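Presented below is the structure to which this report refers.
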Amino acid sequence: MATLSPEIKTFTARALACFDSLSQVAEVVKVNFGVTVSRQQVEIRAPTKRSSKGLAKRWVTLFEDTRASFRETMVEVPVANRAYRLHALGRMLEEAERRDILKLLEQAAKECGDIYSSRPGKADDRASKLAAPVRFEFVLAPLGAPRQ
């Protein structure tokens, strides 16, 4: 197991706070710092995991502050905004070849139809109105009766 410098420990705590996976963090540490670390060694820096039970207060604070900052700035990321995504799809639609247009129109329709949201109510109500009722009829025949 490699001994990690404070710089690598800080990097792993921040990356985990930004919801990067253990494998992603281990790979980036290998590429950027030239140190091979295991997923378990990275996991120790995440206070949300059981293995980080004895993690120092400074790393817990760094993790929590980074996560709070990350969540606040997610609102400012343009691609997280539906209007931005629809505007970008519109630009792509104007530049797209004929075969790609249907895919882009379908994507825009899904965006507008709340297909990608988990809000209860809107999509469920629409789906129930569109679905026609289906009726099944079962006829019980006596045992030993010939099949038709």
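The values are calculated or read from the model by the stated rules, or taken from the named source; none is laboratory data. Remember, predicted model here, so these are calculated numbers, not experimental data. Note that each Cβ is placed from the backbone with ideal geometry, even for glycine, and that neighbours are counted across all protein chains shown.
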When you go through T61, T66, T36 one by one, which is the residue that is free of Cβ contacts under 8 Å to residues at least 12 places away in the same chain and among the β-branched types (V, I, T)?
T61
Matching residues in the stretch 26-36 - criterion: being of a type in the set (V, I, T) and farther than 10 Å from I8 by Cα
V28, V31, T36
Of the conditions (1) exposed (fewer than 11 other Cβ atoms within 10 Å of the Cβ); (2) at pLDDT 85 or above; (3) more than 17 Å from the chain's Cα centre (by Cα), the single one that S23 does not satisfy is (3)
Could you look through the stretch 28-56, keep only residues that are at pLDDT 90 or above and under 24 Å from R71 (Cβ atoms), and pick out the one that is surrounded by the most Cβ atoms within 10 Å (Cβ to Cβ)?
V29
Regarding A109, is this residue modelled with pLDDT under 60 and farther than 30 Å from A15 by Cβ?
no
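Identify, from the list R71, R99, R85, R91, the residue that is surrounded by 13 or more Cβ atoms within 10 Å (Cβ to Cβ) and either closer than 30 Å to E7 by Cβ or modelled with pLDDT under 85 (or both). Talk me through it step by step, then tell me what you get.
On the way: R71 fails: surrounded by 13 or more Cβ atoms within 10 Å (Cβ to Cβ); R99 fails: surrounded by 13 or more Cβ atoms within 10 Å (Cβ to Cβ); R91 fails: surrounded by 13 or more Cβ atoms within 10 Å (Cβ to Cβ).
Sole residue among the options that is surrounded by 13 or more Cβ atoms within 10 Å (Cβ to Cβ) and either closer than 30 Å to E7 by Cβ or modelled with pLDDT under 85 (or both): R85.
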